[in-house]
Amino acid sequence: MATSMESLRTFFRDCRKADSLADLRLAAVTYYKTTSVKMASYMHFPPVGARDFNGQIRIAEFGYPEEWRRTYLRKRLYQNDPLARRAPGFIRPYFWSEVQHFSDLTDEERSYIIMVSQEQLGEGLSVPVFGPAQRNGYCALGFGRGNPIPSDDEVLELQAACQMGHLAYCELLLKDLPRGTNLSSREREILYWIVRGQTNAQIAESTRLSRNTVETYIRRCFQKLDVNDRVSAALRGMALGMVD
């Protein structure tokens with residue numbers, strides 16, 4: 001029988017070989033069957049300004065009771081799920097039972113916690129995951145009612161698996177998105193100052209260019225980024241990893 005580390009290494013290799021989201025899903029389901037995980041979901045948060053940002057959150061899942069799955073998706077309960085909502089700000093994984101001790105829960109979040117407890121899904125683990133250009137995500141791993149929770153070492157392995165799966169998803173996703181915008185070094189420099197809120201006059205002073213030249217570069221940036229204003233240009237530039 002394969003050890004947990006052997007299964008994890010196999011999953012890593014399968015992630016690297018995955019040519020489609022279907023391949024990646026199969027790799028994930030196969031791996032989790034070797035662990036204590038009985039149900040799992042994954043959410044990807046496209047950064048604001050990215051070409052695929054539309055206000056919706058992409059969700060993939062397996063193993064949850066059908067009625068709960070339909071309710072969660074139909075009612076968009078991830079909007080009230082305190083762990084899903086706060087995941088990008090987490091540093092470590094959280095057990096589901098820990099959420100009730102958060103000191104700043106909203107009324108909607110408290111209602112969500114009560115709803116989940118009524119479903120009797122058992123204990124689970126919430127894992128924040130991080131990707132390129134602020135493409136972050138969230139994994140929820142359920143262990144089922146009455147089952148033991150994983151050890152500290154098992155939590156580390158699950159966290160590593162979630163992070164690897166997220167990076168593999170980002171790689172596949174970015175292949176399917178439109179080709180990245182190609183800005184010149186000077187255009188990137190102008191965009192850098194736009195992100196920092198400088199006016200055209202201030203950018204001209206910072207770059208030692210004429211104001212007319214700066215305005216020309218800004219128009220080119222807008223055109224290449226397919227935006228019409230400075231805020232959108234800044235957000236898309238950060239989403240594409242062109243500026244920090």
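Considering only Y138, L191, Y112, and ranking their Cα positions along the charge dipole of the range 90-196 that arises from unit charges at the beta-carbon of Lys, Arg, Asp and Glu, the one farthest toward the positive end is L191. Our estimate of slack between F62 and S232, defined as 0.36 nm per intervening residue step minus the Cα-Cα distance, is 57.6 nm. Relative to the dominant Cα principal axis of the chain, helix 185-195 is inclined by about 70°.
Direction-averaged shadow area of the convex hull around the Cα atoms of the chain, nm²?
15.8
Average projection, convex hull of the Cα set of the range 146-244: 9.8 square nanometres. Over the residues of the chain, the helix contribution to mean residue ellipticity at 222 nm works out to -15500 deg cm²/dmol, using -39500 (n - 2.57) for each DSSP H run of at least 4. What is the angle, in °, between the Cα long axis of helix 211-225 and the longest principal axis of the Cα atoms in the chain? Nearest 10 is fine, range 0 to 90. Result, in degrees: 30. Using a 1.4 angstrom probe on heavy atoms only, work out the carbon and sulfur share of the accessible area of the chain in %. On the chain, the fraction of accessible area on carbon and sulfur atoms equals 50 percent. Ligands, DNA and RNA are left out, and with a 1.4 angstrom probe the accessible area of the chain is 56 Å² per residue.
Hey, got a sec? Which trypsin sites (Lys or Arg not before Pro) in the range 157-244 land in a DSSP loop and have at most 15 other Cβ atoms within 10 Å?
Those that pass, being in a loop and sparsely packed, are R179, R196, R208.
Rounded to the nearest 0.05, what FRET efficiency is calculated for R219 and F130 with R0 set to 25 Å and r the Cβ-Cβ distance? After rounding, the FRET efficiency stands at 0.15.
Give me the mean projected area, in nm² to one decimal, of the convex hull enclosing the Cα positions of the range 196-237.
Averaged projected hull area, Cα only: 2.7 nm².
Available extension along the chain between L73 and V29 is 13.8 nm, counting 0.36 nm per residue and deducting the alpha carbon span.
The values are calculated or read from the model by the stated rules, or taken from the named source; none is laboratory data. Just so we're clear, the structure is a prediction, and the values are computed from it rather than from any experiment. Cβ coordinates were reconstructed from backbone atoms using ideal geometry, including for glycine residues, and neighbour counts include every protein chain displayed. Just the protein is used for accessible areas: all its heavy atoms, side chains included, with ligands, DNA and RNA removed. Shrake-Rupley method; radii C 1.70, N 1.55, O 1.52, S 1.80 Å.
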